[in-house]
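What follows is one structure encoded as structure tokens, with my remarks underneath.
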Amino acid sequence: MAQASGQPGRRAGLIVNPSAGKGSGKGLALAASLAGSTGIVIRVLERFGQLEGFMREMAAEGVSDLFISSGDGTIQEILTLVAEHGIFPAPPRLTLLPHGTTNLSANDIGFRSHAIERQAAFLRSLEGHDVLTRHTIRCANPGDGQVRHGMFVGTGAVAVATRYCQQAFNDKGVKGQWAVAGTLLTALRKYLFSAPDPDDTSRFDRPYPISVRAQGRLHAEGPQLLQMSTTLDRLVLNTRPFWGGKTAPIRTTVFPYPVPSVARWMLPVMYGGEGRTPPPGSVSFCADQLEVTSKVMFVIDGEFFPPPTDEPLRLETGPLFTFVRA
């Protein structure tokens, strides 16, 4: 079996979702630059249903290093397939290429260079030294019955705002941090220039009935603004809305409703240190597993799913994956 050069015993595989980034063409450009390279397994998705079959082909061909040219949704599906279906004898090392629309996961744990030539060179050599590990979050009992693994899960305003971002900005060609910043400015304008109205469904800043329990302890209950859980260190706009120290894989923050003063708390919440003073009523903690009760949709890495009907959503620590950043 032919091997990628530089790392005997290792083999690279590349999965390209050409629709990622609203058809940016980055993945296809990378695949074209690798034409003629020996020992690299390349698969391009013409339809999403091909993904599991492609993964099984890569496992059969001995792929040890899987490169993903896609958005967050495809990454989430790949993590789920590896974690739940036992496709690979051992989980491959993953390299997330920032070829999607928002690139939530890739911005934190993905390949650092955006240059196609640099990405191609690394695919050929597999000589990466900047390696880290992250657990997934396993959504054990979504309302549609489909177990999912991802890096970020949230409900309340965070899910509503994500959907708005996709419809108002991503669908019109605005991508990445610009789309996130536009969504944030939309929320701030409504907050600053109109009176609070909990019944106004056009607002993100409205109350959502959310309760959060972790390992026997009730952390939040009643009207909340949002809940979010992640195994990433940084979220969109390089924010770090968590505090108190990372003592377990899943970090969770809940913000209350009514919303504390944005002028006073926005920057400390987004960029403060681990010892920051939090807004009144907010909580941030770490856990191996937790339960979230919500009547509104959840978002996991940019994809949406309904809450369970008669029980909390169980979030569990998933497998430990290795990611190569450079």
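Numbers below:
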{"read-out": "Of Gly71, Gly23, Gly86, the one that fluctuates the most in a GNM where the chain has Cα springs shorter than 10 Å", "value": "Gly86"}
{"read-out": "Length-normalised contact order for the chain - Cα pairs under 8 Å, 6+ apart - percent", "value": "22"}
{"read-out": "Contact order normalised by residue count of region 5-59, Cα under 8 Å, 6+ apart, percent", "value": "41"}
{"read-out": "Label-point gap, in nm, between Ala60 and Arg264 - each point 7 angstrom along Cα→Cβ", "value": "6.3"}
{"read-out": "Euclidean distance of C-alpha centroids, region 129-159 and region 258-278, integer Å", "value": "25"}
{"read-out": "Magnitude of the charge dipole, region 178-310, Cβ model with Lys/Arg +1 and Asp/Glu -1, debye to 20", "value": "420"}
{"read-out": "Label-to-label distance, nm, for residues given as Arg276 and Glu84 (7 Å Cα→Cβ offset)", "value": "3.4"}
{"read-out": "Rounded percent of accessible protein surface that carbon and sulfur make up, the chain, 1.4 Å probe", "value": "53"}
{"read-out": "Per-selection Kirkwood Rh - the chain (Cα, Å, 1 d.p.)", "value": "20.5"}
{"read-out": "Options Thr317, Thr183, Ala115, ranked by Cα towards positive dipole end of the chain, top entry (Cβ charges)", "value": "Ala115"}
{"read-out": "Value of [θ]222 nm, deg cm²/dmol, for the chain, DSSP H segments ≥ 4, -39500 (n - 2.57) each, nearest 500", "value": "-8500 deg cm²/dmol"}
{"read-out": "³J(HN,Hα) computed for each position of region 133-138 - Karplus, 6.51 cos²θ - 1.76 cosθ + 1.60, integer Hz, glycine/proline x", "value": "10, 8, 7, 8, 9, 9"}
{"read-out": "Region 134-212: C-alpha gyration tensor shape, a/c 1.5 cut-off, then a/b vs b/c", "value": "oblate"}
{"read-out": "Dipole axis of region 7-90 (+1 Lys, Arg; -1 Asp, Glu on Cβ), positive-most option in Ile75, Ala59, Ala20", "value": "Ala20"}
{"read-out": "Mean Cα-pair separation over length for region 30-121, i.e. relative contact order, pairs under 8 Å, 6 or more apart, %", "value": "31"}
{"read-out": "For region 62-72, Karplus couplings with θ = phi - 60° (6.51, -1.76, 1.60), whole Hz, Gly/Pro x", "value": "x, 5, 10, 10, 9, 9, 10, 9, 5, x, 5"}
{"read-out": "Accessible area (Å², per residue) of the chain, counting only protein heavy atoms and a probe of 1.4 Å", "value": "43"}
{"read-out": "Choice from Ala35, Ala187, Ala157 with maximal GNM fluctuation in the chain (Cα, 10 Å cutoff)", "value": "Ala35"}
{"read-out": "Rounded FRET efficiency, nearest 0.05, which uses the C-beta distance separating Ser37 from Val131 and R0 of 22 Å", "value": "0.45"}
{"read-out": "Region 172-326: C-alpha gyration tensor shape, a/c 1.5 cut-off, then a/b vs b/c", "value": "rounded"}
{"read-out": "Assigned charges on the beta-carbon of Lys, Arg, Asp, Glu; the chain dipole about Cα centre (debye)", "value": "740"}
{"read-out": "Region 58-102 shape via C-alpha gyration tensor axes, a/c threshold 1.5", "value": "oblate"}
{"read-out": "Other-chain or far-sequence residues with amide H under 5 Å of Val41's (modelled H)", "value": "Ala12, Gly13, Leu14"}
{"read-out": "Reachable lysines, given that their alpha-carbon falls under 18 Å from the alpha-carbon of Lys175 and they are not under 8 places away in the same chain", "value": "Lys22, Lys26"}
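The values are calculated or read from the model by the stated rules, or taken from the named source; none is laboratory data. All values reported here derive from a predicted model rather than from experimental measurement. Positions of Cβ are backbone-derived with ideal geometry, glycine not excepted, and every protein chain shown enters the neighbour counts. Just the protein is used for accessible areas: all its heavy atoms, side chains included, with ligands, DNA and RNA removed. Shrake-Rupley method; radii C 1.70, N 1.55, O 1.52, S 1.80 Å.
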